[in-house]
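All remarks here apply to the structure that follows.
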Amino acid sequence: MKIMVAVKRVIDYAVKIRVKADKSGVETTNVKMAMNPFCEIALEEALRLREAGHAKEVVVVSMGGPQCAETLRTGLAMGADRAIHVSTTELLHPLTVAKLLRGLAESEKPNMLLLGKQAIDDDANQTGQMIAGLLHWPQGTFASKVAMEKGSDSVVVEREVDGGLESLKLQLPAVITADLRLNQPRYATLPNIMKAKKKPISQVTPEQLGVKISRDLEIVEVIEPPKRKAGVMVASVDELLDKLKNEARVI
Amino acid sequence: MPFAAQWDEQKHFPVEVLRKAAGLGFGGLYCGHDVGGSGLSRADGAVIFEALAYADVSTTAYLTIHNMCASLIERYGTEDQRQDFLRELTSMDLLASYCLTEPNSGSDAASLQTTARRQAGSTDYILNGEKAFISGGGAADVYLVMARTGEAGPKGISCFYVDKDSKGLSFGRQEDKLGWRSQPTSSVILDDVRVPERCLIGKEGEGFTIAMSALDGGRINIATCSVGGAQFCVDAAQGYVSTRKQFGKAIIDFQNTQFKLADMLTKVQASRCLVLNAATALDSKAPWASASAAMAKRFATDECYNVANDALQLHGGYGYLKDYAVERYVRDLRVHTILEGTNEIMRVVMARHMIKSQA
């Protein structure tokens, strides 16, 4: 079985985010970047499936400018066999990413597509679902457990849903998106970091995948959440109820 | 980093954490892949140990000593010795200690008095003597002991791999140190310790050369730890003075503070460059590598200790409290000017090289 894992390069989760003065986005110059944590978890799961003998190859994929190579090297250092870089400087939104992944899936023919449930920069939570729709593949999103039997052509995914845990059996090929509690990703070992430098990263363009990048979304404005205001002493319970109802609008 | 203060306070030697680090490849940085090593260069080590020392100088320093012992066997051991000894060292299933110094021979290392004598009818060596200030003493599993097999002076010294469980091997009490408190340090006593011939590393009489060559790398590593620790101190001091207000403004707004920070960073960066330069020289086996390592060690350990001390001063009264990490860095870095060759001896090494080069 071949597993393809799509990973995104995002601002490191520990960085203090600053909004740009022109409100067009957040400051990314000289800011520490890293692989999206949910993508790391997805890649870790793929590696574990390979180590358990269910998969032969783990291919890690990322899309964007030349700096994607860093994220792909991290993926290779964790243990992915090879990497594919979809080279573009255009801003990518989930639908475009899904279309590019479809293009890759048509040539690579993976049996499983693993992604993080969402990226920590846009929190879109759409790409996995969209690619499943485009490929007409079954999807198991918010996976907190993935189980396969030797030689089987299906996978059981336990999902974290609002009501609790749901178990789904998916026929391969399938799309699975990883949630936080699926696993704890490994640290890349020093020897693997060095070996990763020699592993292949192949380049492909959106044109080669037959995808025209269109702007389906326009970012109007990016602003900070409102700062916490000082508290107000209320004189009576009636006043409290009035404020809760009419100002905070929570009742 | 989350645990460094606690380990220092409790004098806890974090063996499990070191083993986890070894699992990631930190146990045998300079050893071959075939024995579980990471096959990296000294220049790589300079970057790696600096990053680790930023968080915990004391524990990282022990890690560098362990790596120094492993790389000594990697370089001077026979193929059999590499295969027999290194796997457990690179995984840190076994921890190693380097035993050169004695109560009566520190800087004058070649005058060491521990003996290794053979008896008629046996190829074993019998070791007798005492080693002092041994990092890892008591806790380590493997002791690389420099002992005298021949004449007086450096040419009569040989290097032995001694197992902790050897009969006759015992340890003094754990030293109570100013810093490096997450590492055990003790004397190592050898009382008719029998060591088989296959545990002789290198040839008889080669021990001093082996010891000194190991120290070249060790000196670079210790200097690297100083750089990492000092960088933390610069960052911590800058953080503190940015928030501390006196006379109506943050004290970082005073030019004296700014000049102080600039000078501190300059010293750290200069140290870092010298260290990397020495590491590269050692990697390329340049003839001036030893002198370069001595120079980097002397400069970096002196300057970085001063930087840590300056950082403590910038913290004012709070710098004196254990609540703030800077005092631990001062205590940890204080010994770097002394061990692996005092900074005075570093000058001797440099001068000897300079004089020889002119001759």
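Looking across the range B:264-313, just one residue is open to solvent by less than 40 Å² (accessible area, probe 1.4 Å) and not in a helix (DSSP H, G or I), and that is B:ALA286.
In the range A:159-195, the qualifying residues are those that are over 19 Å from A:LEU114 (Cα atoms) and in a strand (DSSP E or B), and the one that is nearest to the other protein chains (Cβ to nearest Cβ) is A:LEU165.
Residues that are open to solvent by 30 Å² or more (accessible area, probe 1.4 Å), in contact with a helix residue (DSSP H, G or I) (Cβ under 7 Å, 6 or more places away or on another chain) and either over 17 Å from A:MET4 (Cα atoms) or not polar (S, T, N, Q) (or both) within the range A:103-123 comprise A:LYS117, A:ILE120, listed in sequence order. For the range B:343-355, the condition of being assigned to a helix (DSSP H, G or I), exposed (fewer than 14 other Cβ atoms within 10 Å of the Cβ) and over 24 Å from the mean Cα position of the chain (by Cα) holds for at least one residue. Note on the range B:123-141: residues that are assigned to a loop (DSSP other than H, G, I, E, B) and touching a strand residue (DSSP E or B) at 6+ places or on another chain (Cβ under 9 Å) total 7. The single condition among (1) touching an Asp or Glu at 6+ places or on another chain (Cβ under 8 Å); (2) modelled with pLDDT under 95; (3) not small (Gly, Ala, Ser) that B:LEU312 does not meet is (2).
It is to be established whether one or more residues within the range A:88-102 are under 19 Å from A:ARG9 (Cα atoms), open to solvent by 50 Å² or more (accessible area, probe 1.4 Å) and in contact with an Asp or Glu (Cβ under 9 Å, 6 or more places away or on another chain). Yes. Between A:ILE223, A:ILE201, A:ILE213, A:ILE219, the distinction of being surrounded by fewer than 10 Cβ atoms within 10 Å (Cβ to Cβ), in contact (Cβ under 8 Å) with a residue 40 or more places away in the chain and under 30 Å from A:VAL26 (Cβ atoms) belongs to A:ILE223 only. Taking B:ILE126 as the residue in question, decide whether it is more than 30 Å from B:GLU327 (Cα to Cα) and open to solvent by 10 Å² or more (accessible area, probe 1.4 Å). Taking the combined requirement at face value, the residue satisfies it. Using the structure shown, decide if A:GLU45 is more than 23 Å from A:VAL146 (Cα to Cα), assigned to a helix (DSSP H, G or I) and open to solvent by 10 Å² or more (accessible area, probe 1.4 Å). When the stated conditions are applied, A:GLU45 does not pass them. When you check B:SER284 against the structure, is it more than 30 Å from B:ARG244 (Cβ to Cβ) and either at pLDDT 95 or above or not assigned by TED's automatic domain parsing to the domain that holds B:GLY218 (or both), yes or no? Yes, satisfied.
The values are calculated or read from the model by the stated rules, or taken from the named source; none is laboratory data. These numbers come from a predicted model, not from an experiment. Note that each Cβ is placed from the backbone with ideal geometry, even for glycine, and that neighbours are counted across all protein chains shown. Accessible surface areas use protein heavy atoms only, side chains included; no ligands, DNA or RNA. Shrake-Rupley method; radii C 1.70, N 1.55, O 1.52, S 1.80 Å.
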